[in-house]
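The values are calculated or read from the model by the stated rules, or taken from the named source; none is laboratory data. It should be emphasised that the depicted structure is a prediction, and the values quoted were computed from it without experimental measurement. Cβ atoms come from the backbone with ideal geometry, glycine included; neighbour counts cover every protein chain shown. What goes into the accessible areas is simple: the full protein's heavy atoms, side chains included, and nothing from ligands, DNA or RNA. Shrake-Rupley method; radii C 1.70, N 1.55, O 1.52, S 1.80 Å.
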Amino acid sequence: MKIGLLPLDERPANTRYPTMVAAIAGAEVLLPPAAALGAGRRPADRAALGAWLADAAPALDGLIVSLELLGYGGLIASRTGDEPAAAVLARLELLRQLRREHPRLPVYGFSVVTRVSNANDAVEEPAYWAEYGERLYALSQLLDRRRRGHDVGDKLARLEAAVPAAHRRDWLRRRLRNHAVNLAALGLLEDGALDLLVLSSDDTSPYGLPSAEKAWLAGWADLLGLAPGAGGAAGPLLMYPGADEVACALVARMLNERAGAAAAVAVRSAPPEAAANVAAYEDGTISLTVERQTLAAGGRLAAGEADLWLGVNAPLARRAEWDPAHAAEERDTRREALAALVAEARGLLARADGPLVAIADVAYPNGADPALVELMLAELDLAGLAAYGAWNTAGNTVGTTIAQGFAALLCDGAAGRAAHERLLAHRLLEDWGYQHLVRAEVRSWLRERTGHHDPRTPADAEAARRRIEAGLAAALARLPGLGARYAIAPGSVRMPWGRTFEVDFDLIAR
């Protein structure tokens, strides 16, 4: 099976991970040339992407398209670009042309309800975000609360006065354009240019302009008969929090549809009552996140017998990253629950006739829970897992974990098993080894050296990469079985956007 993919942007989460998921099931993901994808704040070459699509389409068995990449040139470009809606929409017309020329080609589209970042950081935002980001986030919250009838008049007036009018107008103008594009995406779905549309929301919360826009989109979807759930699990529109995991989920969905499969997933949360907790950057309970991601990947939840058992290390009520100041208390309050989760996973792994076993570690955003990983290292055959994830948001983690688990169900042959083990080792090493262990150490070292947690010069970047490679190698050695079979390819560590938040690296067989 050949699946064409226009990814959200060029980062590994959007390119490498979907490719690795597909390889487990013996499928191939075809990507546009790297030069056409852009880099960081440099938008993709939209004309080159269109030409690549036209050339590749006749040989494809399915196509997955990020409307951000095709229309704006990528995720950052959708937040920072100045093009009017008409220019973006003109590029999306290529999808209608593709439908006319290839009427039997399954085409999945996905688009993002633009986030409002709660940080004075302009790396991925317009320049004024460096000074006014937190105030714009608060303004977004108050504008939505006013829409819902809350009495926020005085607070809103003070906050509006604290943000220059030119910045407020620019911010709202961009949001209006992006909302118009998402409304047009509903039109692409309604008239059949797309077979499936995912409208995800990046770094979401219960209040804010993104929440308002989601409500407006859902209202139009309902009027058009496209509302989520209107067609059951096979409905053509899905709306839920997410972004960087969507391509993996849709690759898994295409694999399932090609195989005529709808994998059943049994979910076990630790502790059980924490299934009602809401993770950071999400707008619903973790149980709802699991349900949404399962449906997006083409599966279904099951109360009894299942194909995949998903153990969920549920979000803590603190809704913040792991912090050594809270670590002992949080470990003690969950000790029994985590032990029970790992014991159940160990029992299922020992059964020849049991479901595959996957673990979604979402106690904290942006990295693994060391309390859980220590139990896993001591008690589980890690190489026997169908999937593990613990990166970024809960939606990111759950989506990629389920996607790999579903691909593992379709794995057949030595090549697929090798691809599966490599991705499993990659996820354990990146989500635990880097995001929990190495990143903090490297950032501390950089701050002492440069005053900032990201490198500022090529020499600092090279020194940081060497330090990261050594740290990853040490973490890999701690992974039973996997550490003896894989090594970090020398010189392969990369920082895709020149920052320490995420890295990429290559694993080679020993």
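Quick check on segment 300-317. Is at least one of its residues under 19 Å from G395 (Cα atoms), in contact with a Pro (Cβ under 6 Å, 6 or more places away or on another chain) and modelled with pLDDT of 95 or more? Looking through segment 300-317, at least one residue is under 19 Å from G395 (Cα atoms), in contact with a Pro (Cβ under 6 Å, 6 or more places away or on another chain) and modelled with pLDDT of 95 or more.
Residues are listed down the side, and each one gets a yes or a no for (1) open to solvent by less than 10 Å² (accessible area, probe 1.4 Å); (2) over 26 Å from L423 (Cα atoms); (3) touching a Pro at 6+ places or on another chain (Cβ under 6 Å):
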residue	(1), (2), (3)
P12	no, no, no
L31	no, no, no
P84	no, yes, no
L92	yes, yes, no
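Pairing residues of segment 319-335 that are free of Cβ contacts under 8 Å to residues at least 24 places away in the same chain and closer than 16 Å to L437 by Cβ with residues that are part of a helix (DSSP H, G or I) and of a type outside the set (A, V, I, L, M), at Cβ distances under 9 Å and at least 6 apart in sequence or on separate chains, gives D323/E330. Restricted to segment 178-203, and to residues there that are buried (at least 19 other Cβ atoms within 10 Å of the Cβ) and out of contact with any Gly (no Cβ under 9 Å at 6 or more places or on another chain), the residue that is farthest from V65 (Cα to Cα) is D203.
Results for (1) more than 22 Å from the chain's Cα centre (by Cα); (2) within 30 Å of D61 (Cα to Cα); (3) not polar (S, T, N, Q), shown as yes or no for each residue.
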| position | (1), (2), (3) |
| --- | --- |
| R115 | no, no, yes |
| D121 | no, no, yes |
| L136 | yes, no, yes |
| S140 | yes, no, no |
| L143 | yes, no, yes |
| G149 | yes, no, yes |
| D154 | yes, no, yes |
| A157 | yes, no, yes |
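Taken as a whole, the structure places L479 among residues that are touching a residue at least 60 places away in the same chain (Cβ under 8 Å) and either crowded, with 20+ Cβ neighbours inside 10 Å or part of a loop (DSSP other than H, G, I, E, B) (or both). When segment 264-286 is filtered for residues that are part of a helix (DSSP H, G or I) and either open to solvent by less than 40 Å² (accessible area, probe 1.4 Å) or touching a Leu at 6+ places or on another chain (Cβ under 9 Å) (or both), the ones remaining, listed by number, are A274, A275, I286. Yes or no: segment 78-93 includes at least one residue that is under 30 Å from R169 (Cα atoms) and within 19 Å of the chain's Cα centre (by Cα). Yes, there is a match, as at least one residue in segment 78-93 is under 30 Å from R169 (Cα atoms) and within 19 Å of the chain's Cα centre (by Cα). Of the residues in segment 482-510, how many are part of a helix (DSSP H, G or I) and charged (D, E, K, R)? Total meeting the criteria: 1.
Of everything in segment 454-473, what is open to solvent by less than 60 Å² (accessible area, probe 1.4 Å) and either touching a residue at least 24 places away in the same chain (Cβ under 8 Å) or in contact with a Lys or Arg (Cβ under 6 Å, 6 or more places away or on another chain) (or both)? Give them in sequence order. Within segment 454-473, D454, P455, A461, A464, I468, E469, G471, L472 meet the criteria.
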